[in-house]
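Worksheet: one structure, shown below.
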Amino acid sequence: MVETISAKDVTLKQLKTIFDLQPVEDDQFFREWQENLPEITDLQKQMLDRVKAGYFNLLYYPPLLEKPVNMAIVSPLLFIGEFYLSPVHFKAENAVEISASDEEIVIKGSIDTLVLQEQLWVMVIESKRASFSIEAGLPQILAYMLADPDREKPCFGMITTGGTFIFIKLVKGEAPRYATSAEFSLRNPGNDLYRVLSILKRLSS
């Protein structure tokens, strides 16, 4: 009998057991979030400062749910980065399905937000989950990334609650491996959205 697991309920332990997914601790595995990052303009920085201010305004009206975060943080971020313009393209609310090699376990779900350039998955999670922890979304986005049919190229992901951001790299091959970036937070001095936008542009290029 085939067992079906919802992607939103899958755990890292299940992904390790079913697909032999392994974390990588080597700093050299995921250098894309640190090296050869494109510059962003002064105008983009000014606009990102307004996005940050908008985030803190949202905090006066909890809880931070997915749709307000999408409207106030993610959509402006993608607009400022020109991700709505050619040649960049995206797909929203994609249904995904992956199965183990013996096909006795199937994971099904739909990505919360979108896929950029067929290789960058972006997911928003509600801040009420896991007390603002982006860890709540890591197994889910890894399940979506594992469903990517292209097994030759690495794929990347970003998880955000609106106030925190983290990037993920997944290399499939015979045994899938993944690593995460540092965590970026709007609570940090300055504006971490500058770095977030630069990394997004690097990973989607």
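The values are calculated or read from the model by the stated rules, or taken from the named source; none is laboratory data. Because the structure is predicted, anything quoted here is derived from the model rather than measured. For neighbour counting, all protein chains shown are included, and Cβ atoms are generated from backbone atoms with ideal geometry for every residue, glycine included.
Here are the numbers:
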{"item": "Residue list for the stretch 1-48, filter: charged (D, E, K, R) and in contact with a Leu (Cβ under 8 Å, 6 or more places away or on another chain)", "result": "32"}
{"item": "Cβ-Cβ under 9 Å pairs, at least 6 apart or on other chains, the stretch 35-47 side without any contact (Cβ under 8 Å) to a residue 24 or more places away in the chain and more than 18 Å from residue 205 (Cα to Cα), far side not aromatic (Phe, Trp, Tyr) and not in a loop (DSSP other than H, G, I, E, B)", "result": "43/80"}
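Yes/no per residue for (1) at pLDDT 90 or above; (2) farther than 21 Å from residue 183 by Cβ; (3) surrounded by 10 or more Cβ atoms within 10 Å (Cβ to Cβ):
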position: 29; (1), (2), (3): yes, no, yes
position: 40; (1), (2), (3): yes, no, yes
position: 43; (1), (2), (3): yes, yes, no
position: 49; (1), (2), (3): yes, no, yes
position: 59; (1), (2), (3): no, no, yes
position: 64; (1), (2), (3): no, no, yes
position: 69; (1), (2), (3): no, no, yes
position: 73; (1), (2), (3): no, no, yes
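Here's the yes/no breakdown for (1) modelled with pLDDT of 90 or more; (2) buried (at least 22 other Cβ atoms within 10 Å of the Cβ):
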{"site": "111", "(1), (2)": "no, yes"}
{"site": "126", "(1), (2)": "no, no"}
{"site": "132", "(1), (2)": "no, no"}
{"site": "167", "(1), (2)": "yes, yes"}
